[in-house]
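Notes follow the structure.
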Amino acid sequence: MLHAIAQHPDVAYRAGLASALLSIYAFWPYIRDILTNRTRPERASWLIWALLSAVSLLSQVYEGADRSLGFAAIQTAGTVIICALTFWKTTGLKFQTEDSQVLTATAVGIWLWAEMESAAYALFVTITMSMMGGLLTMKKAFLDPQSETWATWAAFFVSALLAVVAVGRADWLLLAYPLYVMALSGGIMACMAAGRLVQKRRPVAEEPEHRQQLTLSVMSFQRAGSPSASE
């Protein structure tokens with residue numbers, strides 16, 4: 001019955017439209033929190049996502065996506081904007097060793113995709129490399145859950161679910177990306193929840209020391225030349 005409902009043209013159209021609108025909204029809380037220094041994105045993750053979301057968009061166009069295409073297009077535009085804001089608000093340009101390794105692997109994957117010229121391989125590379133970037137954000141979300149925006153990842157999860165409905169058929173090439181976004185968003189929210197639970201159980205006196213020991217690529221998000229908090 002659910003399969004029949006999903007295949008109905010009106011249901012698929014409305015689901016695709018709702019997915020696109022929710023995707024637009026999902027970026028707003030994150031952008032707002034970056035500008036107010038409440039969210040500190042994992043810079044390498046967003047650089048990877050900006051590059052790979054473009055690959056996913058091109059591959060879906062090649063495969064003939066229609067109603068679900070708006071999801072990928074909005075994801076690409078929003079991701080590029082957040083990536084640009086992340087670098088704009090960052091005072092340093094050096095990546096951590098872990099970030100550099102993931103970025104190198106991403107570059108190799110994109111080069112291999114260009115050589116193979118296969119849409120299916122492009123999606124495989126996109127999802128694999130994007131998940132590597134996602135693991136960096138999951139790690140940060142667990143260690144410092146306050147540095148991420150819960151509303152954004154929840155909206156991405158629901159938007160991806162609606163995109164699955166919009167596909168309307170069991171086409172795994174078209175379903176792969178929204179299913180991956182569901183897994184990524186759900187994983188980040190789970191890490192945030194687990195991190196908050198750990199922080200509640202940790203003695204208050206240990207909290208400052210714990211935050212000083214974070215060795216992630218979470219930068220100071222103050223404009224270059226602006227006075228520091230200690231000043």
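Where a number appears in this text, it was derived from the coordinates with a stated rule and is not lab data. Keep in mind the model is a prediction, meaning the values are calculated, not measured. Here the Cβ is made from the backbone with ideal geometry for all residues, glycine too, and neighbour counts use every protein chain on show.
Rounded to whole numbers, the Karplus 3J(HN,Hα) couplings from phi for region 183-192 are 5, 5, 4, x, x, 5, 5, 5, 5, 4 Hz, using 6.51 cos²θ - 1.76 cosθ + 1.60 with θ = phi - 60°, and x at Gly and Pro.
Between the alpha-carbon centres of region 41-59 and region 149-194 there is a gap of 15 Å. Once both labels are positioned 7 Å from their Cα atoms along Cα-to-Cβ, the gap between A120 and R32 label points is 4.4 nm.
3J(HN,Hα) couplings calculated from phi for region 19-36 with the Karplus curve 6.51 cos²θ - 1.76 cosθ + 1.60 (θ = phi - 60°) are, in sequence order, 4, 5, 5, 5, 5, 4, 5, 4, 6, 4, x, 5, 4, 4, 6, 5, 5, 9 Hz; Gly and Pro show x. Remark: C-alpha extents of region 152-207 on the principal axes read 53, 16, 11 Å, sorted largest to smallest. With a Förster radius of 45 Å applied to the beta-carbon distance between V108 and D10, the computed FRET efficiency rounds to 0.55.
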